[in-house]
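The values are calculated or read from the model by the stated rules, or taken from the named source; none is laboratory data. Everything numeric in this text was worked out from a predicted model, so none of it was measured. Backbone-built Cβ (ideal geometry, glycine too); neighbour counts: all protein chains shown. Keep in mind that these areas ignore ligands, DNA and RNA; they rest on the heavy atoms of the full protein, side chains included. Shrake-Rupley method; radii C 1.70, N 1.55, O 1.52, S 1.80 Å.
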Amino acid sequence: MKINAPKIPYTLEEVTLHSFLDDGELDGCEVYAAHTANTQISAFRIYYSVIKQCDFSNTSFHSADFMNARFENCDFSNATFHLSSLHRVQFVNCKFVGTKFMKTVFGHVQFEQCMLTMASFEGSKMEKVLFGHSTMHQLDFYDVNTKEIVFDACDLSDAVFERTKLKNVDISCSYFEHLTVDVNDLKGCIVSREQAVYFAGLLGVKVKE
């Protein structure tokens, strides 16, 4: 699967995030070590920018729009995204423990070496999303519209996929001890041989060695 990388200019203006909160937009900027924890932010836009080592924990993003942006070493723990849009966005070594994405649209988004334990994507739409080398214990995909999703070398232990069709979702290179999924939603899911044995067990099928 080909993911379109963010289109970010070589030269960026170094700014503080707080100086732009009133304007509601970052465009062509680099932000370092900002702190917006426990903040409510509506209709905030980040375009063509790089954000590093920022604390967005417990922040509420409503109708946020992120496009052509890269986040490095940021903390989004217990943050909430509602009716937001992310297009050509990379998250590298970011923390999303307990983060809620509600009715959010993802397109060409990459999560690399991220912590997504207990993250929720309820009612979201995902097209061309790559989760790579990430910890995703108790991940919650509820009523998610998926199209070309890859979980590459991720820990999906105790993840829950409910009311979510897994056609063309690739989990073959990831691992889990237990997974909750409706077998009717597994049609077209890309799995490894070992995973196929696990899912056969959910159907009551016994595989003879």
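For this structure, a couple of remarks:
- With the convex hull drawn over the C-alpha atoms of the range 62-183, the volume per residue is 76 Å³.
- Choice from E14, E72, E112 showing the highest fluctuation, given a GNM over the chain with Cα pairs closer than 10 Å: E14
- Reachable lysines, given that their alpha-carbon falls under 19 Å from the alpha-carbon of K128 and they are not under 8 places away in the same chain: K2, K7, K103, K147, K165, K167, K187
- What a 1.4 Å probe finds exposed on the range 1-148 is 45% carbon and sulfur by accessible area, rounded to a whole percent.
- HN-Hα J in Hz across the range 101-118 - Karplus 6.51, -1.76, 1.60, θ = phi - 60°, x for Gly and Pro: 9, 10, 6, 9, 9, 10, x, 6, 10, 10, 10, 10, 6, 9, 9, 10, 4, 6
- Å² of accessible area per residue within the chain, as computed with a 1.4 Å probe and no ligands counted: 51 Å²
- Of T59, T80, T180, the residue with the greatest mean-square motion in the GNM of the chain, using alpha carbon springs below 10 Å, is T180.
- Angle between the chain longest axis and helix 193-202 axis [Cα atoms, degrees, rounded to 10]: 70 degrees
- Trypsin sites (Lys or Arg not before Pro), loop per DSSP, at most 16 other Cβ atoms within 10 Å - longest free stretch of the chain: 8-102
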